[in-house]
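Let me begin by presenting the structure, written as structure tokens, before commenting on it.
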Amino acid sequence: MSAEKTSQEPPFVWPELSGHFPALQRTVNAHRLVYLDTAATAQKPETVIRAEQAYYRDLNANVHRGIHTLAEEATAAYENCRTRVATLIEAPSPSSVVITRNATAAINLIARGLEHTLKPGDEIVLTEMEHHANLVPWIMLAARNGVVLRHIPITDGGELRLDALKELLSPKTRIVSLVHVSNVLGTINPVAEVAEAAHRAGAIVAVDAAQSVGHMPVSMKELGADLLVFSAHKCYGPMGLGFLAARPDLLDTMEPMEGGGEMINEVFLDRATWAEPPLKFEAGTPNVAAAAAFPAAIDYFENLGLDNVREHERMITQYALEKLAGLPGLVVFGPPDAARRGGLVSFHDPEVHPHDMATLLDQAGVAVRAGHHCAQPLHRRLGVVATTRASFGIYSTREDVDALCEGIRFARRYFS
Amino acid sequence: MSTSMLDQLYREVILDHHRHPRGRHELERIDIEESGLNPSCGDEVTLQFELDGDIIKDVAVIGRGCAVSTASGSMLAELVKGKTIEDARKIAEIFKRIMHGDDPPSEMDLGDLEALTGVRQFPVRVKCALLPWVTLLRAAVDASEKRAKVAGGEGEGSANGDG
């Protein structure tokens, strides 16, 4: 039976996609651009660039304010983005999606918005592998109101120590906030398992999905996330656009962070009442052009199928892990199996500092990121100041990985 | 792979300082110590000075960094040893201006430091070259504050503790 079924469905053949991405057509230092910095920001397909342009050319009006046709169309485009995102990540409803500037703004909004529900001594559990975006807003909160920050430690292999989580959780735990896919280790965290334990302890769960949305199927429901944040630009959308999706009752509880136009219900000279969520959190003119364009990015990866996108990135990552293992002395961080990783690989070369590595690779047209990747505590834990990171996207190929490895060999010869 | 641009950045003298950094030893007597951090990459450097009056008797440059910052720190160790703090501060100021685009002053011999001017063609790496020198500038401020404190402390106790 199953054999019959597979014979009817030809296996998905991954198409050549680089032609859809204008930036990938350029050369860098007389070489074909090999873009391995998607985890910092993904390149944009032509359709997304056109959609953002079309907004300014044909629409350009402010949202939720005008009665005229352009204003209505702009509002519809903006709200369509919210609806598409809610469906994409299986959020409770479109109105439970707040449009923000980026994922960082969304996490700050959570910390500020829930501040009035937290008292000194309440505990917030984070992990040792967080991006500064999911550390610093909580550090600032702790400095303001005396909440205690605790951290799930990681193993030497770069995975969360779930055994330690049991000891960290207590009735004092109010929020558990963790990254879905680490931007340094690549580790895909067992968020659903963490969420189950956190919920049992009575805590709410926030998930930083900046590295996973658009790169694999991500469902708020399946993850057990009460709150989830991500940025559009890391999944082929425009910059200046991020999202906070949350349980509706949490959005009701949360205080707005910014006051101003559009977030109000009624304003007097000395007092004001807030609009209902999500508008309560969207003071001022938002990035309507970016919101109007993001559905084109969602279309792009959904046409490929997020399961196929995930399989492609897994395959490229597996290939990179195998090729990098062939470079003696190179230390690769994170789980050894690509099935447990997102599409990125960070490594440390004892001979060549990451900065020098990145400069030499750039001379060969290979764009990587070098540094601490906004995760200083994690690098301290790994015992290195900085790493070099190659990150992949839907347009990445085995040839890109080969160019990376050839570049590393060249750098080693250069500094020997 | 073309290496001409790279050779502008990593001149032989830089690679030599990188492979054999000078002044990379903890001092026994430390009069001034100052650490610098490059927050964008996490690189760090610590400068230690042993002073004889105003003269830098010995200097140590300790830290973890890329070839450019390591070489720059090594050159710093070579250049400022035996000079007064004020002369070292002047070199740092001039080097900083050069790295931000000024022409090197003709009357001044920058020694090996001249080789680092090639880094200007790689703007994101300029801060690597400057890390040890901006740390030195802060150390010079420390030194003058310390001196002011000692001078002030002779007559009036510790009234002006803030310097």
Two-decimal log10 I(q)/I(0) for the stretch A:57-170, as the Debye equation yields it once each C-alpha is a single scatterer, q = 0.18 Å⁻¹:
-1.01
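With contacts defined as alpha carbon pairs under 8 Å and 6 or more residues apart, what's the relative contact order of the stretch A:200-257 in percent?
That works out to 28 percent.
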Using a 1.4 angstrom probe and counting only protein chains, how large is the accessible area of A:Glu9 in Å², to 10?
110 Å²
Relative contact order, percent, the stretch B:3-149 [alpha-carbon distance under 8 Å, six or more residues apart]:
28 percent
Restricting the stretch B:1-78 to trypsin sites (Lys or Arg not before Pro) in coil, as DSSP defines it, with at most 15 other Cβ within 10 Å:
B:Arg24, B:Arg29
Residue (of B:Gln48, B:Pro104, B:Ile91) at the positive-pole extreme of the stretch B:40-112, dipole from beta-carbon charges:
B:Gln48
Point-charge dipole on Cβ atoms (K/R +1, D/E -1) for the protein assembly as shown, about Cα centre, debye to 20
400 debye
Just from the alpha-carbon atoms, what are the Rg and Dmax of the stretch A:1-80 in angstroms?
20.5, 58
Three-way shape label, the stretch A:49-301, alpha-carbon gyration tensor, a/c 1.5:
oblate
Could you work out the helix-only [θ] at 222 nm for chain A, with each DSSP H run of four or more residues adding -39,500 (n - 2.57) and the total divided by the number of residues, to the nearest 500 deg cm²/dmol?
-11500 deg cm²/dmol
Tell me, what are the semi-axes, in whole angstrom and largest first, of the equivalent ellipsoid of the stretch B:36-121 as set by the roots of 5 times the Cα gyration tensor eigenvalues?
20, 19, 10
Tell me, what is the 1.4 Å probe accessible area of A:Thr69, in Å² to the nearest 10?
90 Å²
Of the residues B:Ser35, A:Leu304, A:Ala364, the Cα lying farthest along the dipole of the protein assembly as shown towards its positive end, which is defined by charges on the beta carbon of Lys, Arg, Asp and Glu, belongs to A:Leu304
Rounded to whole angstrom, the alpha-carbon centroid of the stretch B:1-68 lies from that of the stretch A:90-113 at a distance of 44 Å
Among B:Thr135, B:Thr84, B:Thr70, whose mean-square fluctuation peaks in a Gaussian network model of chain B (Cα, cutoff 10 Å)?
B:Thr84
How shielded is A:356-363 by partner chains, expressed as the average number of their Cβ atoms within 10 Å of its Cβ atoms?
6
Round to the nearest 10 and give me the degree value, 0 to 90, for the angle of helix B:126-156's Cα axis relative to the longest principal axis of chain B.
10 degrees
Extreme residue, positive dipole direction of chain A, given options A:Ala192, A:Leu382, A:Trp14 (C-beta unit charges)
A:Leu382
Cβ charges +1 (Lys, Arg) and -1 (Asp, Glu), total dipole of the stretch A:32-84, debye
140 debye
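Just want to confirm a number: the relative contact order over chain A, from Cα pairs under 8 angstrom separated by 6+ residues, in percent.
It comes to 22 percent, rounded to a whole number.
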Determine the dipole magnitude for chain B: charges of +1 sit on the beta-carbon of Lys and Arg, -1 on that of Asp and Glu, nothing else is charged, the reference point is the Cα centre, and the result goes in debye to the nearest 20.
520 debye
Local electrostatic count, A:Val207, Cβ distance below 15 Å [Lys/Arg +1, Asp/Glu -1]
-4
So what's the Cα pair-distance distribution over chain B, bin width 10 Å, in %?
10, 38, 33, 13, 5, 1, 0
Can you give me the C-alpha center-to-center distance between the stretch A:316-332 and the stretch A:247-292, rounded to a whole angstrom?
48 Å
Net charge around A:Glu302, counting only other residues with Cβ within less than 14 Å of its Cβ (Lys, Arg = +1; Asp, Glu = -1)?
-1
Over the heavy atoms of A:Thr397, what accessible area does a 1.4 Å probe trace out, to the nearest 10 Å²?
40 Å²
What is the distance in Å between the Cα centroid of the stretch A:157-195 and that of the stretch A:26-51?
32 Å
Among the DSSP H helices of chain A, those whose Cα atoms extend at least 18 Å along the helix axis and whose mean Kyte-Doolittle hydropathy is 0.0 or higher are A:288-304
Taking only the alpha-carbon atoms of the stretch A:161-259, the convex hull volume per residue, in cubic angstrom, is 121 Å³
Over chain A, what is the percentage of antiparallel beta bridges among all DSSP beta bridges, to the nearest 5?
55 percent
Overall dimensions of the protein assembly as shown by Cα: Rg and Dmax, Å
27.1, 99
Note: B:39-46 gets an average of partner chain Cβ contacts (10 Å, Cβ to Cβ) equal to 5
As a test of reading the structure, rank A:Lys221, B:Lys96, B:Lys81 by solvent-accessible area (1.4 Å probe, protein chains only), most first.
A:Lys221, B:Lys81, B:Lys96
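The values are calculated or read from the model by the stated rules, or taken from the named source; none is laboratory data. If you're wondering where the values come from, they're calculated on a predicted model, not measured in any experiment. Glycine gets a Cβ as well: all are built from the backbone with ideal geometry, and neighbour counts include every protein chain shown. Heavy atoms of the whole protein, side chains included, go into the accessibility calculation; ligands, DNA and RNA do not. Shrake-Rupley method; radii C 1.70, N 1.55, O 1.52, S 1.80 Å.
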